[in-house]
1. Going by the structure shown, is S383 at pLDDT 90 or above, among the polar types (S, T, N, Q), in contact with a strand residue (DSSP E or B) (Cβ under 6 Å, 6 or more places away or on another chain) and farther than 17 Å from E189 by Cβ?
2. For M330, are the conditions met, namely being in a loop (DSSP other than H, G, I, E, B) and hydrophobic (A, V, I, L, M, F, W, C)?
3. So how many residues does region 334-364 have that are assigned to a helix (DSSP H, G or I) and in contact (Cβ under 8 Å) with a residue 24 or more places away in the chain?
4. What number goes with the only condition from (1) over 30 Å from I178 (Cα atoms); (2) out of contact with any helix residue (DSSP H, G or I) (no Cβ under 7 Å at 6 or more places or on another chain); (3) not β-branched (V, I, T); (4) not in a loop (DSSP other than H, G, I, E, B) that S405 does not pass?
5. Can you pull out the residues in region 222-252 that are touching a residue at least 40 places away in the same chain (Cβ under 8 Å), more than 16 Å from E125 (Cβ to Cβ) and not hydroxyl-bearing (S, T, Y)?
6. So which residues in region 264-279 are assigned to a loop (DSSP other than H, G, I, E, B) and surrounded by fewer than 17 Cβ atoms within 10 Å (Cβ to Cβ)?
7. Would you confirm whether any residue within region 77-91 is more than 12 Å from E149 (Cβ to Cβ) and part of a loop (DSSP other than H, G, I, E, B)?
8. Take region 411-434 and flag every residue that is modelled with pLDDT under 90 and assigned to a helix (DSSP H, G or I).
Amino acid sequence: MDGFYFWPDILFMKKYLSLPACILLTVALSAQPGTQSKKIVADKIAAIVGDRIIMYSDIKNTIADYARQGAEIPENAECLILDQAVLSKVLMQQAEKDSLPVTDEEVDADLDLRVREFIRMYGTEKAVEELAGKSIYQIKEDARESVKEKKLAEAMQKKIVENTKITPMEVKTFFDRIPKDSLPFYESELEVGQIVVYPQASRDLEKYVIDELNHYKQLIESKSSTFEQMAKLHSEDPGSKDRGGEYQINRKDKSWDPSFIAAAFRLKDGEISSVVKTKFGYHIIQMVQRNGDEAVIRHILRTPPITEEETNAAISQIDSVRAKIIAGTMNFNQAALKYSQDEQQKFAGPFFTGRDGSTYVTIDELDKDIVAMLGKMKVGDISQPTVFTDEQRGKKGIRIVYLKSRSEPHRMNIKDDYNKIAQLALEEKKAKAMDKWLASKLPTYYIMIADDFSASCPNVQKYVSKKGF
């Protein structure tokens, strides 16, 4: 089989190599003439699992793609990749035997998501196709089998460990087994939340911006200028300004403002919208080309300027929220849910999350303005309203910051780090459940490993059911 074997990220099994999701389509993209010579193509079988084969070229190409993502390649990368590839084949085939549901719609949705990541990275669908030397359709089709395998393997993995739980006694036993001189050292961690409001521009300034956009539209429709020229001159969207306002969008992509998507997909090719209001400001949108749920559009963004009067009104608003929290009439979480205008907080809560997904963060995970504020705060303090610039939305906001907790630098201990230890213990228990499942299932599968891998990769010996080739 030609292509890339994408196996599940088994996060609780440290012996397996976890790869970034975007590598899935990197093989398809790297097929362009300029990079093809760098691909290592070897028509040699590395392993056979049931009726599926794993090619040596797939392993080498995967390492090359992983390197292109800037990741550090371990010395035994080939062995780790083969280990995960064989496991993926076993999990996938068992999922098929157990009739675990993975629909074509789920596969298509996964493919669409990955392709949109590349389109967002390179700007347009055309740019991605030029990079790959093939159409978006071909890119998806080349990756389809690997995506389905990945989703089947993930479904089987989930089924194997879904009932694995951990008790407090098991957490303590796990912790007591860690050599005291091997306990990790943790830097100071904080729980920090914020409530954000955005000043609203005056109606006069909003009208001024709307009139400006309508004027641009008239110039374009009268052929006095082009949309691209007007976008380069006047758009306040730094992400598309230099491209003449152009984006590749998808109707189902939730990262776009719903009002923007709805307005764009009402347009015919070449048509320019009326002025559209979104959370980012005001736009006019031109439909360049539409193909089902995919479209190429151009837009011009203008944001009404915020005056001192509007800023002071927002400060007064959020200061009254702060007063309610301090008075105890509502807690911070309740106030954030009711008053914060940060949309992400509505779903994820008002506290910043760290790299591990928890609400505990280190100083380096926070922006410099918040770090400066925290230097003057004690645990339990809520800051005065502070003006800041929201980099993602490109607009001025007002926020109050709450310092809920701050740990001192320390060695891991059961009192301060119970949740982390419990997660580690659960990962180990899941790994044991997987090992137990593999021990019972592997004898039912025909598995052969090529002699050179069998000799140099002791980690794959557990799979071998027949002498190599």
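The values are calculated or read from the model by the stated rules, or taken from the named source; none is laboratory data. In this text the structure is predicted, and so the values were computed from the model without any measurement. With ideal geometry, Cβ positions are generated from the backbone for all residues, glycine too; neighbour counts draw on all protein chains shown.
1. Values: at pLDDT 90 or above: yes; among the polar types (S, T, N, Q): yes; in contact with a strand residue (DSSP E or B) (Cβ under 6 Å, 6 or more places away or on another chain): yes; farther than 17 Å from E189 by Cβ: yes.
Against the criterion (at pLDDT 90 or above, among the polar types (S, T, N, Q), in contact with a strand residue (DSSP E or B) (Cβ under 6 Å, 6 or more places away or on another chain) and farther than 17 Å from E189 by Cβ), S383 qualifies.
2. When the stated conditions are applied, M330 passes them.
3. 6
4. Condition not satisfied by S405: (1).
5. F227, E228, M230, A231, H234, E236, D237, P238
6. F265, R266, K268, D269, G270, E271, S274, K279
7. no
8. Selection gives N419, K420.
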